[in-house]
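Beneath this line is the structure, given in structure tokens, with notes to follow.
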Amino acid sequence: MDRRQADKRGESKLIPDKSIDPRILACAKEEFLSKPYEQVSLREICAKAGVTTGAFYKRYRNKEELFDALVKPTLDALGESSDRIESVSYERMDEQDLRRIWIMTPDTQERIVRMLYENYDGFRLLLCNAEGTRYSGFLHDFVSDVTARSMRFLEEAHRRGMISSVIDEEELHMLLTAYWSTMFEPLMHGLSLEKALRHSAVVADLFNWTRVLGF
């Protein structure tokens, strides 16, 4: 807990206990991963973390805000990955580079899988334990964002005459849902990184994006 310490003038000042946040988050992650969201008890988390409920509420308003804190690093990593891909303007890319984006090479698949497994617990929370939170539609929301980004790319490719037509947005959403569901499956089933990497090579063979999109 927070403690008091005398300063140079002999006056008492409050020294925050910096171990409280990590303890709360570690115990909360364990609880949220082991049971449905609605069954998670803040009192139990506090008891396991060895903190008072008062100390908890100084840091988090409620259970939802605590869950937010646990998944934020994963969402940030996912956003950074998507932003990095789109940081290079499509208008400035040559046609070879535009085509290369949709080629599912082993290196591309490996980067995706490693990013997922570097944020293993966060994705498990989002994909398996988010029912009852605002992330219950995580897969749909994530794919909707990917679809919107992809449509901008395809419209640029069509403008250049690289493809004869642009796939329907709803159809692309369904195909991307299938792709990302397949990529998330090893993590959701608790498979090892090695098995997930082997699985991703099969997925690369299954999804021939250049053919589907008309490149």
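What follows is calculated from the coordinates using simple rules that are stated; it is not laboratory data. Quick caveat: nothing in here was measured; it's all calculated off a predicted structure. FYI the Cβ positions are ideal-geometry reconstructions off the backbone, even for glycines, and counts take in every protein chain you see.
Points to keep in mind about this one:
- Taking F142, F67, F123 in turn, the Gaussian network model of the chain (Cα-Cα springs below 10 Å) assigns the largest fluctuation to F142.
- When the alpha-carbon atoms of the chain are used, the pair Rg, Dmax equals 22.5, 79 angstrom.
- Taking label positions 7 Å along the Cα-Cβ direction at both E155 and R198, the computed distance is 4.3 nm, reported to one decimal.
- On Cα atoms only, tilt of 20-34 relative to the major axis of the chain in degrees: 60
- Helical runs assigned H by DSSP (4 residues or longer) give the chain a calculated mean residue ellipticity at 222 nm of -20500 deg cm²/dmol, each run adding -39500 (n - 2.57) before division by the residue total.
- Spacing of the two label points (7 Å from each Cα toward its C-beta) at E118 and R134, in nm: 2.6
- Förster radius 25 Å - calculated FRET efficiency between E171 and E38, Cβ distance, rounded to 0.05: 0.10
- Of all aspartates and glutamates in the structure, those lying under 15 Å Cα to Cα from K48, and not within fewer than 8 positions of it along the same chain, are D21, E30, E31.
- Within straight-line cross-link reach of K18, aspartates and glutamates at Cα separation under 15 Å, skipping those fewer than 8 residues along the same chain: D2
- Cα gyration tensor category, rounded, prolate or oblate, for segment 77-169 with a/c compared to 1.5: prolate
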